[in-house]
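Coordinate-derived values only; no laboratory data. Since we're looking at a predicted model, the values are computed, not measured. We place every Cβ from the backbone using ideal geometry, glycine too, and count neighbours over all the protein chains shown.
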């Protein structure tokens, strides 16, 4: 260390490595802050909404129709509409989406058509939801004359979540090792028997995770339903599919409700947020508590389900 | 008897395969449906409004007596909110992705990632409420000139909404970088930051760009936040403090009114939808191709 030139190099090296270390730990803090940022905002959002709307969460709120007076308004037509739409969306999208996923993952040959379908699905997953609304408006509402009905809304949302269900079905199937398929074929099973008895049960947990996430998205969608013309103020319910009244046999089934107009929770919230009167903001916040509760519970179930299956299944 | 059974089994197999094939074809039909519906109404629209006027007129006033049909103000509003959103989302999302992929322990990652997913699962109408009634009043304390409706707060909130998208897709791309590259860099004395910035980021670049493009596409198509918090005044400005209108917010505004079917006003939303579809389509395809490329390299 007596050589002055060497000592200069050495000290600059020490300084530089000190700077590097500080940069490194500085970046760690930046990374933690960035990761925490979104989560802190989420927390603030939830607290803010609870402060605004928790007072309105009473029994009356759930069993009242919307009203011109903010303190009397409720979400009855909204939550009933949301239940209708979600059940219908699931009934349409689940078989089609899972079927398409099974075809693309298990049956499709690697050719031009399959490649085209894959690119197409990736693109559909990124098409803005409001465009699906325009599709629903042009196709279901006008062309098929379904008007602003529950059926038109359910069909529109089903098309919207179809790509999500297809993609998660494919991922779930891809995670199953090919040895399972080979074993099944070796026992003489046909392709469909393999899918039906081996692959589908094994993939079901992961498929359900994707399905629940897709349904939670459908529950929160607003724009496509506004675009197809779902009403923002509605003081009656779609006709119930099951009624207990009248004469024999005392229980009546009817699908007439499918053709009735509807509103859903997110649209009701949007309607209240866009009113100038401050009183409705509390209603909006209360509606959000219900909607957020619904989506967060669904997400929690999906996450737990995924966790459960990842832990349990060891190939 | 056996032959007959075999025949039934075979027919069943073929029928099921056909059925499943039609399910997957439905996605192509959906795309076709979108294009046809948009195309027919847009063509009718362009019969009355020349294309060049649509693309160059600087005013958008279809609901006024003096009608102008220039998409530029709406495009400008969309551009402005998207720009604000991605200037929030890309830096924050990337920093968070680098942290989660290179710094964080497995335990932290397992806790944080599901929480991030929740951030992405919050319905957009909730974010709209938050932008209008929390972020705007908060920002007004700092910027007194801010209007009640503005692109700044809706852009920021939209940015927060797409942080998880950028963060999780970029992290996937970074984790796909082979461990050997990192180990090589550590072996010659790099620290974590150097490995992250000089090895992992460049190697994962195409995946990160794909994620960012997807985020831009998402921001362009985002509807409820801007419909609630950005206002309903189409104007050609880059000032983030004043009310504007985006393409998506215009579609919502018209859909809420009682615009009769078959009128020019009704067709404007399809012309707007067409513009929106073309923009997001190009971005989505580009992102998909990029993503596929980076997957091919390392798998």
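Placing a label point 7 Å from the Cα of residue B:12 along the Cα-to-Cβ direction, the residues of region A:181-203 with a backbone N closer than 13 Å are A:189-197.
Applying the Kirkwood pairwise sum to the alpha-carbon positions of region A:54-154 produces a hydrodynamic radius of 17.0 angstrom. Any idea what angle helix A:112-126 forms with the longest principal axis of chain A, computed on alpha-carbon atoms, 0 to 90 degrees, nearest 10? Approximately 80 degrees, to the nearest 10. Expressed as a fraction of 2.2 N^0.38 Å, the value expected for a compact globular protein of N residues, the C-alpha radius of gyration of region A:144-201 is 1.72.
Peptide B:134-147 has a mean shielding of 1, counted as Cβ atoms of other protein chains within 10 Å of each residue's Cβ.
Across the residues of A:133-143, average count of Cβ atoms on other protein chains within 10 Å?
6
Counting every C-alpha pair in region B:9-85, the share spaced more than 15 angstrom apart comes to 73%.
Any idea how far the Cα center of region B:184-247 sits from the one of region B:1-17, in Å? Their Cα centres are 53 Å away from one another.
Residue ranges B:175-184, A:65-74 sort as A:65-74, B:175-184 when ordered by packing (mean number of other C-beta atoms within 10 Å per residue, highest first). Compute a Gaussian network model of chain B, connecting alpha carbons closer than 10 Å, and tell me which residue from B:145, B:44, B:258 fluctuates the most. Of B:145, B:44, B:258, the Gaussian network model singles out B:258 as fluctuating most. Rounded to the nearest 0.05, the FRET efficiency derived from the C-beta distance between residue A:196 and residue A:308 at R0 = 22 Å is 0.40. Legend: calculated FRET efficiency, residue B:141 to residue A:233, from the Cβ-Cβ distance at R0 = 30 Å, rounded to 0.05, equals 0.30. Look at the stretch A:96-102: the mean tally of other chain Cβ atoms within 10 Å of its residues' Cβ atoms is 5. For the options B:282, B:86, B:244, a Gaussian network treatment of chain B with springs between C-alpha atoms closer than 10 Å singles out B:282 as fluctuating the most. Note on chain B: Cα-only Rg and Dmax are 24.1, 87 Å.
Report D for region B:2-48 in µm² per second (integer): Stokes-Einstein, Kirkwood Rh on Cα pairs, 37 °C, 0.692 mPa s. Please list the in-between numbers first.
Values: Rh = 13.6 Å.
It comes out at roughly 241 µm²/s.
With a Förster radius of 35 Å, plug the Cβ-Cβ distance of residue B:238 and residue A:143 into 1/(1 + (r/R0)^6) and report the FRET value to the nearest 0.05. Here the calculated transfer efficiency is 0.30.
Cα-based Rg of the protein assembly as shown per 2.2 N^0.38 Å, rounded to two decimals? Write down the numbers at each step before the final one.
Numbers: Rg = 26.6 Å, N = 614, 2.2 N^0.38 = 25.2 Å.
Dividing the Cα radius of gyration by 2.2 N^0.38 Å gives 1.05.
Here the spin labels are modelled as points 7 Å beyond Cα on the Cα-Cβ line, and at residue B:47 and residue B:179 they lie 6.6 nm apart. Working from label points 7 Å from Cα in the Cα-to-Cβ sense, the residue B:278 to residue B:55 distance is 0.7 nm. Rg/Rh for chain A stands at 1.14; both radii use Cα atoms, and Rh follows the Kirkwood definition.
The angle between the Cα long axis of helix A:4-53 and the main principal axis of chain A comes to about 10°, on a 0 to 90 degree scale. How far is helix A:200-220 tilted off the main Cα axis of chain A, in degrees rounded to 10, range 0 to 90? The angle comes out near 70 degrees. GNM on chain B, alpha-carbon springs under 10 angstrom: the most fluctuating residue among B:260, B:202, B:123 is B:260.
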